[in-house]
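Written below as structure tokens is the structure these notes are about.
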Amino acid sequence: MKFFCFQIGCRLWNLSIVSVLILTFSNILLTIRLLHSTDCSRQAPGPDLLRLQQHQVQDIRTAGQNHAPSPHLPPCKQVNSTNGPSATVPVTNTSIFHIDLRLGRWDARRLYKLFDFALPGDRFAELSERYSVCLATQSSLEKLQSLVQVAHHWSGPISAAVFAAGEEYPLLQLYVSFLRRCFPVVRDRVSFHLAYPKDLPPLQTLPNFPSNLQLDCHRPEAALTGLVRFRKPETVKWRTKFPYPQNHLRNLARRNCQTSYVFLTDVDIIPSARLADGLDVFLTNVKCTNLCAYVIPTYELDERVNFPRNKTDLIRLAKKGLARPFHHRVFIYNQYATNFSR
């Protein structure tokens, strides 16, 4: 009898070892799958994820929030375009913005000149009537490549305020022209507004700019890096010391949204795919008796992983230590308004 019980115990022990091995192997396969998930710009949705920083979906009547600038994380590894694998477009040093630089409106202290709808998106007005939330964002020239991934994920209207000074202005025009020619989602959804400082007004053109420059539609970040190199060292030095007017730009983008609600972000915040549609459903079903703001949780992703396809993927990444709440290591107290556990 004792020998029989011992045999049963051995069998149970063996089954436990086999089960542990199977679970370990499955866990390894799942981790590999998460590290090599498919292209982020084609993912299905989940209105519960953003890529860098906590922000709010605000009723358009509320005041803008003052957030610290976001750190830059690597963009998605692939970007969709309607052009072929080796598609390049020529860029020329000509104006595409519909503005007279002499006629902008000054801010209250007359430090910056602002321009509304310097270049409207082709479908911006139509999308503003269709969707209840407008994504309002701001950027300097150096981070503008993030608009590609933002526009692929956000199907509603996008109001983008961009800061450009001196010789950055013609470079900005070149890059915006490139984005609109290569990416129809940018051309259709994004309206550009401009701001420049009184201390360094824009140049209309760049002298000695190459007339036959070609930019690759499948490498928007590399294209921007190449253009930025045309800035003179003194411009770079000036920009390093000059305070970036992020609240001016946030207000410029927010006030040019035409929808009932505004989702205020920085340009390197990447929304979940179909978040605009998810928010439309959410806002239809909630009841707000006064001014309301809704908080969307934001996570940082390990640079080895692609964008999560849904909340399940996000939870798995978080359990693996490949995703974490924004600023969890930097300053966790700043994010207590977000109930990440919930």
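A short reminder: the numbers here are calculations on the coordinates, not readings from a lab. Just so we're clear, the structure is a prediction, and the values are computed from it rather than from any experiment. FYI the Cβ positions are ideal-geometry reconstructions off the backbone, even for glycines, and counts take in every protein chain you see.
Relative to the current alpha-carbon distance between Asp199 and Arg255, full extension at 0.36 nm per residue lengthens the span by 17.7 nm. Among His152, His248, the ranking by other beta carbons within 10 Å of each residue's beta carbon, starting with the fewest, stands as His248, His152. Dipole magnitude for the range 65-273: computed about the Cα centre from +1 point charges on Lys and Arg Cβ and -1 point charges on Asp and Glu Cβ, it is near 380 debye. Each of Glu303, Glu126 was scored by other Cβ atoms within 10 Å of its Cβ. Arranged with the fewest first, they read Glu303, Glu126. Between Thr240 and Thr338, full extension at 0.36 nm per residue minus the direct alpha carbon distance yields a gain of 32.0 nm. Extension gain, Arg229 to Val295: 0.36 nm times the residue separation minus the Cα-Cα distance gives 19.9 nm. Summing charges over neighbours of Ile99, with a neighbour being any other residue whose Cβ is under 15 Å away from its Cβ, gives +1 when K and R count +1 and D and E count -1. Most tightly packed first, judged by the mean number of other beta-carbon atoms within 10 Å of their residues, the peptides 262-272, 104-114 read 262-272, 104-114.
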